[in-house]
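Student: Could you have a look at this structure, given as structure tokens, before my questions?
All of the numbers you see were taken from the coordinates with simple rules; none came from a lab. Remember, predicted model here, so these are calculated numbers, not experimental data. Neighbour counts are summed over all protein chains in view; Cβ atoms, including those assigned to glycine, are modelled from backbone coordinates with ideal geometry.
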Amino acid sequence: MAEPLLVVENLQTHFRTPDGINRAVDGVSFHVNAGETVAIVGESGCGKSVTSMSILRLIPEPPGKIAGSIRFQGRDLLKLSEPEMRSIRGNDISMIFQEPMTSLNPVLNIGRQIGETLRLHQGLSAREAEAKAVEMLKLVGIPEPGRRVREYPHQLSGGMRQRVMIAIALACNPKLLIADEPTTALDVTIQAQILELMRDLKRTVGAAIVLITHDLGVVAEVAERVVVMYAGKKVEEAPVVELFNTPRHPYTQGLLGSMPKLGSSLTGTETRLAEIPGLVPSLKQKIPGCVFASRCPHATDFCVKVAPALEPKAPGHVAACHYALKEGAIAA
Amino acid sequence: MSSPLLDVQDLKKHFPIRGGFFGGVTGHVYAVDGVSFHINKGETLSLVGESGCGKSTVGKAVLQLFGITDGQVVLDGKRIDDMPANSLRPMRRRMQVVFQDPFSSLNPRMRVRDILAEPIRNFGLARNGAELTAKVAKLMDTVRLPRDAVNRWPHEFSGGQRQRIGIARALAAEPDLIICDEAVSALDVSVKAQIVNLLQDLQGELGLALLFISHDLAIVEHMTHRVAVMYLGKIVEVAPKRSLFAAPKHPYTEALLSAVPVPMPGKQRERILLKGDVPSPINPPTGCRFHTRCPYAFDRCRTEEPPLRPIPTALEAGHTAACHLHDLPADRNPLAVAKGQALLAV
């Protein structure tokens, strides 16, 4: 079988800080096949955004340091020169950020901002770029694209700005789209519109998507495969249905249990929410054992001393837990 | 029946927009435009809606953080919106607030001890220093923080712990009503569960009433007794929780419920995708404010504003909604039947 579109192996992104090295991402491996949607979930500080920024090498070095390998279409992105990298960003791999308010340039009109990537990567003239920009705005469902293309970001609502961000990201037909919390800043009815748009565009454009989010509801709606991160490590990976039905890692089980389910008053399943006690450990100390041991209800002395390896639990399903060996052994 | 703890009648808050050469008033933001609701003792009422719908403004108006444009706010039988400042002060003690951002709502230059002691001193709730110290220690127990943490500064705590301090500060004044303005929205999933559980425990222990302002419908459903849905400065629906989630009677509520992503991959649900964005509260639409985005709007909706009134087809008593659809015969009213199960895929 051909190599997947993106293969991340043993990614380590560390930051030097005045009080020690912060191991924001510490040995993460995963892959993305062409046309696939992979979600990376976890709570704030688990390293999911740093992972995505590392793929595009957007981490300032120093204080950051990226190690491991990131192979995109067979080329190791970490070995490319800066000009080579620049020809990939926004062209083969593009990114949508969380804040549609701050990630657009306030003094350039929408058309210029969409056209910028087209002129740079595809050598279009200003006129051609604007025509393509109008086409892109139409694709992402903005009414009156001919007029909107001349408008500035402040004239658009939050949902429209996120549509513009998507138009910019898709302008050069990327093979991989990284979406970092694309709907977190939006209201639910607008979020529903944007998720619908992303699903539609995936069908028509066919780009692979890496979706970074903390919202398990969003994951369930759009992802095919899920990577769960905790404290800079991948603790579990599984196809989406399997992850929600039979989570193997106690952290994943804890996350799912701590979320109230919409519709609980209809089914009479209003129970007390499961809490994950304690706090995320500091990433500045090296943790010898399992990163989740300090909060895990099943942890033993063994977990504190020896870090569990990622082991297959079912086809396509891996988890890093000593005790998640047998099916349902610690099912919540 | 005993009178409600909080009774809000036809509350309006319009913010003037100044502009032009002489800085005159050129228009108004109709942030809250005629809102009525009540909260009983020990009850949770949730106020839900999207950003800009006026739900936080309602919270601040109830707290008398600014004067209101029209209407009245009655706390335990006393009208407080026109009270002079000195008689309002003891009433303020009875309503406290917990804000969204636990990082900016605590003074970074005050130790936890002083943050918690301030309301106790202000309202004269302790006779001497020993009693004050004892009360502060008890507050720390109440919110499940270690007692020796009182000597620490806010920056030494995590987000969830800070939110506990914020809750302890609200409890320090021994209130009857706490207004939680998106109090759990900024927290991570696992920490959110801790704070939600704490709020529910405290309500049980202390008999508090909560006005829970939130946009997170799953959390709201989990912890509320009744729900009020706001859209563009108006309440469009108020109902007991189960009645609202099982059989919404306003098209906006229905769309909101169907838009929330649920963590159940592959489930088929009925999805109502609203078109466009929320109109500006400076220039709200005529008639029903929702008619520009409503999938069921007809002529009457564009001209005549529907009042909030009891809905006969509702599942439980006390279910009111503002929608003309309920005047149509049942076979032409898409909201006559209970659609909650299809919308939420349960």
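Student: Restricting to Cα pairs below 8 Å that are 6+ residues apart, what does the relative contact order work out to for segment A:104-173? Please round to a whole percent.
Tutor: 44
Student: Right, next: How do A:LYS138, B:LYS249 line up, fewest other C-beta atoms within 10 Å first?
Tutor: Neighbour counts put them in this order, fewest first: A:LYS138, B:LYS249.
Student: Over all distinct alpha-carbon pairs, what is the Kirkwood Rh of segment A:1-140 in angstrom?
Tutor: 17.1
Student: Using the Cα centre of the protein assembly as shown as origin and beta-carbon charges of +1 (Lys, Arg) and -1 (Asp, Glu), tell me which of A:SER258, A:GLY278, B:SER104 is placed farthest towards the positive end of the dipole.
Tutor: It is B:SER104.
Student: May I ask for the distance between the Cα centers of segment B:313-340 and segment A:117-135, given as a whole number of Å?
Tutor: 51
Student: With r defined as the distance between the Cβ atoms of A:ASN33 and B:ARG89 and R0 fixed at 60 Å, what FRET efficiency is calculated, to the nearest 0.05?
Tutor: Once rounded, the FRET efficiency stands at 0.40.
Student: At 222 nm, what helix-only mean residue ellipticity would chain B give, in deg cm²/dmol to the nearest 500, using -39500 (n - 2.57) for each DSSP H run of four or more?
Tutor: Rounded to the nearest 500, the figure is -9000 deg cm²/dmol.
Student: Rounded to the nearest Å, what's the spacing between the alpha carbon centres of segment B:38-112 and segment B:176-208? Just the number, please.
Tutor: Value for the Cα centre distance between the two parts: 16 Å.
Student: Related question: Hey, what's the per residue convex hull volume over the C-alpha atoms of segment B:33-188, in cubic angstrom?
Tutor: Enclosed volume per residue, from the Cα hull, is 134 Å³.
Student: Here is a further query. Mind checking which lysines have their C-alpha under 24 Å from A:LYS202, skipping anything on the same chain fewer than 8 residues away?
Tutor: Within the straight-line cut-off, A:LYS202 pairs with A:LYS48, A:LYS132, A:LYS138, A:LYS175, B:LYS267, B:LYS275.
Student: Let me know the charge dipole size of chain B about its Cα centre in debye, to the nearest 20, where only the beta-carbon of Lys, Arg (+1) and Asp, Glu (-1) is charged.
Tutor: 560
Student: Counting only C-alpha contacts under 8 Å and six or more residues apart, can you give the relative contact order of chain A as a whole percent?
Tutor: This gives 20 percent for chain A.
Student: Give me D for chain A in µm² s⁻¹, whole number, from Stokes-Einstein with Rh from the Kirkwood sum over alpha-carbon pairs, 4 °C and 1.567 mPa s.
Tutor: 61
Student: I've got another one for you. Provide the FRET efficiency to the nearest 0.05 for the B:THR286-A:GLU84 pair, computing r from the beta carbons and using R0 = 45 Å.
Tutor: It comes to 0.20.
Student: Same structure again: What is the distance in Å between the Cα centroid of segment A:256-285 and that of segment B:214-266?
Tutor: Cα centroid to Cα centroid, the span is 20 Å.
Student: Now for a different question. Just going by the charge dipole of segment A:1-120, with Lys and Arg at +1 and Asp and Glu at -1 on Cβ, which of A:ILE55, A:LEU108, A:LEU5 is farthest out on the positive end?
Tutor: In segment A:1-120, that residue is A:LEU108.
Student: Additional query: Go through B:PHE245, B:THR303, B:ALA345 and say which Cα lies farthest out towards the positive end of the charge dipole of segment B:240-346; charges sit on Cβ, +1 for Lys and Arg, -1 for Asp and Glu.
Tutor: B:ALA345
Student: Once you sort the root eigenvalues of the Cα gyration tensor of segment B:221-324 as a ≥ b ≥ c, which label holds: rounded (a/c under 1.5), prolate (a/b larger than b/c) or oblate (the other case)?
Tutor: It comes out oblate by the Cα gyration axes.
Student: Hey, in the GNM for chain A with a 10 angstrom Cα cutoff, which one of A:PRO18, A:PRO308, A:PRO62 fluctuates hardest?
Tutor: Highest fluctuation of the listed residues: A:PRO18.
Student: Now for a separate question. Nearest 5 percent is fine: what portion of the DSSP beta bridges confined to chain A is antiparallel?
Tutor: 60
Student: Next question, about the same structure. Give the relative contact order (percent, whole number) for segment B:240-346; include only Cα pairs under 8 Å separated by 6+ residues.
Tutor: 38
Student: If we count every other residue with Cβ under 14 angstrom of B:PRO154's Cβ, Lys/Arg +1 and Asp/Glu -1, where does the sum land?
Tutor: So the surrounding residues net to +3.
Student: Using bins 10 angstrom wide from zero, how does P(r) for the protein assembly as shown break down, in % of all Cα pairs?
Tutor: Over the protein assembly as shown, the share of Cα pairs per 10 Å bin runs 3, 14, 22, 25, 21, 12, 3, 0 percent.
Student: Nearest 20 debye, what's the magnitude of the dipole of the protein assembly as shown about its Cα centre given +1 on Lys and Arg Cβ and -1 on Asp and Glu Cβ?
Tutor: With Lys and Arg at +1 and Asp and Glu at -1, about 860 debye.
Student: Determine the sum of side-chain charges near A:ALA133: Lys and Arg each +1, Asp and Glu each -1, restricted to other residues whose C-beta is under 14 angstrom from that of A:ALA133.
Tutor: +3
Student: Right, another one. Report the residues of segment B:78-110 in range of a label on B:LEU125: point 7 Å along Cα→C-beta, backbone N strictly under 16 Å from it.
Tutor: Only B:89-99 pass the distance filter.
Student: Same structure again: Determine how many Å³ per residue the convex hull of the Cα atoms of segment A:104-173 encloses.
Tutor: Considering the Cα atoms of segment A:104-173, their hull volume per residue is 72 Å³.
Student: A further question on this structure: What's the long-distance tail for chain B, i.e. % of Cα pairs beyond 36 Å?
Tutor: The proportion of pairs with Cα distances above 36 Å equals 26 percent.
Student: How big is the dipole moment of segment B:108-171 about its Cα centre under a simple scheme where the beta carbon of each Lys and Arg is +1, that of each Asp and Glu is -1, and everything else is neutral? Debye, nearest 20, please.
Tutor: Dipole magnitude for segment B:108-171 comes out near 40 debye.
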